[in-house]
1. Let me confirm something: among R119, R123, R104, which residue is basic (K, R), assigned to a helix (DSSP H, G or I) and under 22 Å from L31 (Cα atoms)?
2. Need a quick list: helices (runs of 4 or more DSSP H) entirely within the range 18-86 having at least 2 residues that are touching a Gly at 6+ places or on another chain (Cβ under 6 Å).
3. Take the range 187-237 and flag every residue that is outside any helix (DSSP H, G or I) and surrounded by fewer than 14 Cβ atoms within 10 Å (Cβ to Cβ).
4. For the structure I just gave you, tell me whether V144 is in a helix (DSSP H, G or I), closer than 19 Å to F7 by Cα and out of contact with any Phe, Trp or Tyr (no Cβ under 7 Å at 6 or more places or on another chain).
5. Residues that are over 18 Å from the mean Cα position of the chain (by Cα), at pLDDT 80 or above, closer than 17 Å to I370 by Cα and not charged (D, E, K, R): does the range 296-303 have at least one?
6. Within the range 352-365, can you find the residues that are touching a residue at least 12 places away in the same chain (Cβ under 8 Å) and not hydroxyl-bearing (S, T, Y)?
7. Restricting to the range 30-64, name every residue that is under 18 Å from F97 (Cα atoms) and among the β-branched types (V, I, T).
8. Would you please name the residue that is surrounded by the most Cβ atoms within 10 Å (Cβ to Cβ), looking only at residues in the range 331-343 that are over 21 Å from I228 (Cα atoms) and of a type outside the set (A, V, I, L, M, F, W, C)?
Amino acid sequence: MSRPIKFKTILLACLIISVGQLSMGLVFPSLPWIAKDFAVSHEQVQILISIYLLGFGPSQFIYGPVSDALGRKKVLLIGLMIAMMGLLMIIFLSHSFTGMVVGRFLQGLGTGCCAVLARASTRDRFSGAELPVAMSYIAMAASVTPLIAPVIGGFINFHFGWTMVFTSLMGYLCLVWAIIALRFQETIGQTTPLPSPKRVLLQYRELLSSRYFMSFASIGWLNFSLMITTISVMPFIMQNQIGMTSDKYAMWALIPALGMLAGASICNRVRPIIGSKKLLLYTPVLHVAAALWLFFCPLEPLYLMLGQLLMILGNSISLPCVQAMVMQPYKKQAGAAAAMSGGGQMVVSSIVSMMLVNLGLSQAWHLSLIIVVFAAITLSNILRGFATPEALQQTAPTQ
């Protein structure tokens, strides 16, 4: 008989992973007002987002191996303290745009620990059939937070001004820090000396040379790249070809956003019944369906959003599965595996999405061709990943 899953543990992991999402999403609605107060252009104020990601993404490669040695709790508390230092700099230097940029970098540098350690600590506590279930809830939290963050941030900015947005973030981080200090139970049984830089590089080299790891990690990396590319291109299609205003597009965009929630929920309910492999195979099927829909559908908002919904549904079904598969064999190196998975996703998605956007994608049928290519790559990675000895050993009881 399977033991009941520890939902308090999952809830704490969801709280941790929400920090990075809120730290970015709450700020989006305030950017025009910040640009106006500092008399900078819209392009210049975007540095507050890019500099945050510059700290958030690469720092994950450090937090993972360090937490494998020192423990998750200590590294989490230190990382959040760095983020709070950045927020304090923003709050007290709110008259200096340069001070805000430096503060945002520190904030991203600190919150990078949350994305890695939420998943690594989950891997420490769960294994087998429980791990994909736990990961699905974390993926759901990571999907819900970007939906509500701009709404909350816009409300705070409208009623209290943009400085209160950062003050509110400071309060939230203090609350999370206190909860971790009081409620988070260390998941590493025994600490070890910090690994040398050479040892860290060897760990990442080992992961990158693993056919198993790269097969499943690349599914997440490329599907996330596809989602970022579609989200970047679709507003231009809707606004330039249909004449839709940005506020109306924001309302229509809720339709595909719901696909994130639906996909995580489907993964949670269906995966235990049919297994990870069969469920993952629905991802390229949904992507091909989305591609065909976007290629032939009328150029109208509802049809375009339904096509995007199918694509994001496929992505969100696959994400919890591949995250669980990536983490499954690396219990003693969960931090390094989570760092390479999450940090690699940030790096690969930024490069791939930038390359695709620079190709001049401007039509719905352009997107459909890209989606078909990605579906073929995803199918190849699924078949290759499940053919490895590691996957055959782990999935034998459920496939």
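The values are calculated or read from the model by the stated rules, or taken from the named source; none is laboratory data. Predicted model, so just to flag it, every value in this text is computed and none were measured. So basically every Cβ, Gly included, is an ideal-geometry build from the backbone, and we count neighbours across all protein chains shown.
1. R104
2. Those helices (runs of 4 or more DSSP H) span 47-70.
3. G189, Q190, T191, T192, P193, L194, S196, S209
4. Against the criterion (in a helix (DSSP H, G or I), closer than 19 Å to F7 by Cα and out of contact with any Phe, Trp or Tyr (no Cβ under 7 Å at 6 or more places or on another chain)), V144 qualifies.
5. Keep residues of the range 296-303 that are over 18 Å from the mean Cα position of the chain (by Cα), which gives 296-303.
Adding the requirement that they be at pLDDT 80 or above leaves 296-303.
Subsequent filtering for residues that are closer than 17 Å to I370 by Cα retains 296-297.
Keeping just the survivors that are not charged (D, E, K, R) gives 296-297.
Scanning the range 296-303 turns up at least one residue that is over 18 Å from the mean Cα position of the chain (by Cα), at pLDDT 80 or above, closer than 17 Å to I370 by Cα and not charged (D, E, K, R).
6. Within the range 352-365, V352, L356, V357, L361, Q363, A364, W365 meet the criteria.
7. I34, V40, V45, I47, I49, I51
8. Of everything passing the filter in the range 331-343, G335 is surrounded by the most Cβ atoms within 10 Å (Cβ to Cβ).
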